[in-house]
Amino acid sequence: MENATTIRSEIEKELKLGGYTFNSFGQATGLNRGIFSAMLNGNPPKPISVRQMDLITKALNYPEDWLYELYVDECFYDGRPHWKRVKPFLIRCVEVGNLRCVEKVLSRLMEDLNHIPTIFTLAEELYEAGKLQEAIPFYECVIENEKYQHSERLAISHYKLFVASVGQDMERNLEAVLRFIPYRNRLPENYQLDGILKIINTYFYLHKWDSVEKYGDELWTLAKTVYLNRYENNAKRRVKDDYKTEKNLVFYYGYGYLSKSTALQKMEMFEEAQSYIQNYADLSWFKGLNSEGEQYVKMFSLWAKANSYTLDMLLGKREVLGEYITFLNQHPEEKLSGLLTILESANMYKFSVDSVLESFSAEIEQFKYLDDVKNRNYYCCFLYQRAIYEYKNNRFEKGTNSVLDCLALSLISRNDSDFKQCVALFEVYREFATSEQTKRYENIIKEVNIYEKRLFDGTSLRYSIL
């Protein structure tokens with residue numbers, strides 16, 4: 001009967017093959033000869049640390065996680081977990097991408113659910129250190145094993161997992177937000193504010209305007225409740241405030257109303273959308289403004305002005321176009337969304353904006369290089385409206401180029417709603433496409449089919465926790 005392979009037997013085998021002595025191998029690894037001897041020959045053998053294992057692996061010129069499968073038993077050396085080895089080992093496993101060993105250690109730890117708070121603490125440490133992806137397996141472990149379904153720890157784990165999961169892929173973002181939503185109201189209020197804010201942003205990029213409106217209402221209502229409790233209802237007996245949110249409270253209040261107004265605008269309820277602008281146009285009355293909060297007040301004032309122009313244009317008030325262009329030149333950060341609005345208005349009310357597009361041609365050319373989620377979303381919408389505008393003006397080749405650019409961008413972002421719109425628009429004008437444009441369209445569709453086949457066959461990494 002063969003002896004089971006252990007981390008020590010594997011190291012001893014390599015020493016013999018390499019002709020090492022304890023002294024020569026100690027020099028190769030930088031480990032003290034006596035310590036090394038105690039690891040292999042001690043009675044009982046001295047436990048091996050993660051650092052020592054990595055030094056041995058490096059000296060033997062093996063991949064860095066060569067001994068990790070065997071080290072799992074070292075974490076439970078005498079049948080129980082030793083956190084001084086377990087914690088650094090788990091961290092190293094996620095750093096090198098060895099999630100199999102993470103799963104093995106966590107599985108053994110979860111034989112005793114009293115370890116859940118320790119796992120949660122580790123996840124929080126990684127998260128606070130900015131290691132969001134590394135924290136994911138540990139939040140998942142808490143979620144899967146938490147005994148108390150209404151515990152704050154479970155809700156926080158869902159929130160942090162949601163934050164770590166949201167990225168450039170819109171389809172996966174939708175999965176992440178749907179998973180998080182049922183737990184948002186179980187969070188402490190500060191996490192609730194940040195959580196609802198992120199829900200709104202996720203739905204905004206997905207163009208789910210009814211959800212943006214719903215959670216916009218939820219955000220400003222919660223912010224108002226927190227504000228009243230902090231500065232009005234308990235003013236006489238208020239103690240030092242240690243209420244921590246990512247942003248000053250005024251931001252959540254203003255953003256809730258901004259989201260409400262924007263959602264109504266996107267649903268073409270323009271006059272109703274206008275009525276909400278006044279709720280965030282001047283927030284200087286807000287108590288508790290620090291320097292950050294004062295900057296947010298100015299920012300909302302700017303957005304209110306920009307959105308007033310937007311709604312005027314969408315209501316067909318072409319006389320404000322000159323003022324709007326002046327405003328956009330004064331505030332370059334608003335140019336992309338502003339030009340999108342101008343195109344939407346031109347398409348709705350059938351007037352020419354050729355001169356506007358020409359005057360901003362240099363800026364428009366630069367839009368394609370924007371790679372953040374927000375501006376990529378705006379640019380995709382801009383390309384779609386530009387395609388419609390060119391088609392309506394019988395410039396079919398230009399229109400098709402725009403719709404193909406939009407199609408390619410929505411594929412990269414995995415934004416199904418934009419992709420479907422672009423496919424429908426291309427098919428309407430397919431007869432006017434050149435052979436080169438048709439070939440490009442077919443290649444994009446092939447990419448989709450290849451991706452879907454991989455999902456069906458299970459050959460792609462499917463939501464490996466974003």
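The values are calculated or read from the model by the stated rules, or taken from the named source; none is laboratory data. Everything numeric in this text was worked out from a predicted model, so none of it was measured. Positions of Cβ are generated from backbone atoms using ideal geometry, with glycine treated the same way; all protein chains shown enter the neighbour counts. The protein model used for the area step is the full one, side chains on, heavy atoms only, and it has no ligands, DNA or RNA in it. Shrake-Rupley method; radii C 1.70, N 1.55, O 1.52, S 1.80 Å.
Expressed as a whole percent, the accessible area of region 290-428 that falls on carbon and sulfur atoms is 50 (1.4 Å probe).
For region 111-202, a simple Cβ point-charge model (Lys and Arg +1, Asp and Glu -1, everything else neutral) yields a dipole of about 320 debye relative to the Cα centre.
Give me the accessible area per residue for region 280-427, probe 1.4 Å, as a whole number in Å².
On the way: 6810 Å² over 148 residues.
Using a 1.4 Å probe on heavy atoms only, each residue of region 280-427 averages 46 Å².
For each pair in K131/K224; K224/K298; K84/K244; K266/K439; K244/K335, compute the distance between the two Cα atoms and list the pairs where it is over 24 Å. Walk me through the intermediate numbers first.
Numbers: K131/K224 33 Å; K224/K298 19 Å; K84/K244 31 Å; K266/K439 33 Å; K244/K335 34 Å.
Where the Cα-Cα span goes over 24 Å, the pairs concerned are K131/K224; K84/K244; K266/K439; K244/K335.
Per residue, the convex hull around the alpha carbon atoms of region 217-325 comes to 106 Å³. Using a probe radius of 1.4 angstrom, the carbon and sulfur fraction of the accessible surface of region 12-141 is 49%. Can you compute the modelled spin-label distance between L132 and M299, with each label point 7 Å from Cα toward Cβ, in nm? Inter-label distance under the simple model: 1.6 nm. What region 138-235 shows is 38 Å² of accessible area per residue, with the surface traced by a 1.4 Å probe over protein heavy atoms. Probing with 1.4 Å while keeping every protein chain in the model, the per residue accessible area of region 23-120 equals 51 Å².
Net charge within 12 Å of D210 by Cβ-Cβ distance, Lys/Arg positive one each and Asp/Glu negative one each, not counting D210 itself? That sum, taken over residues with Cβ under 12 Å, equals +2.
By how many nm would the segment from K46 to K317 grow when fully extended, if each residue of separation counts as 0.36 nm and the alpha-carbon distance is taken off? Please report the intermediate quantities before stating the final value.
Numbers: separation 271, 0.36 × 271 = 97.56 nm, distance 8.09 nm.
Value of the extension gain: 89.5 nm.
Give, rounded to the nearest 20 debye, the magnitude of the charge dipole that the chain has about its Cα centre when Lys and Arg contribute +1 at Cβ and Asp and Glu contribute -1 at Cβ. Don't jump to the answer; show the numbers that get you there.
Working: 59 positive and 66 negative charges, 195 e Å.
Taking the Cα centre of the chain as origin, the dipole is about 940 debye.
Under a Cβ-Cβ cut-off of 14 Å, what is the net charge of the residues other than D282 that fall near it, where Lys and Arg count +1 and Asp and Glu count -1?
Numbers: positive: K298, K305; negative: E294.
Around D282, the charge tally is +1.
Once the Cα-Cα distance is subtracted from the 0.36 nm per residue extended length, the K392 to L228 segment shows a gain of 53.9 nm. Stretched out straight at 0.36 nm per residue, the stretch from F432 to Q149 would grow longer than its current Cα-Cα span by 96.1 nm.
With a cut-off of 12 Å between beta carbons, the residues surrounding V50 carry a summed charge of 0, where Lys and Arg count +1 and Asp and Glu -1. A value for Rg and Dmax of the Cα atoms in Å was derived from the coordinates, and within the list (1) 29.0, 92; (2) 22.4, 71; (3) 20.5, 62 it appears as (1). Put a dot 7 Å past the Cα of T118, heading toward its Cβ, do the same for S417, and the two dots end up 4.6 nm apart.
What percentage of the solvent-accessible surface of region 190-234, computed with a 1.4 Å probe over protein heavy atoms, is contributed by carbon and sulfur atoms?
Of all accessible area on region 190-234, carbon and sulfur atoms account for 46 percent.
For the chain, relative contact order (Cα pairs under 8 Å, six or more residues apart, normalised by length) works out to 8 percent.
When L17, L99, L370 are compared by accessible area at a 1.4 angstrom probe, the order from most to least is L17, L99, L370.
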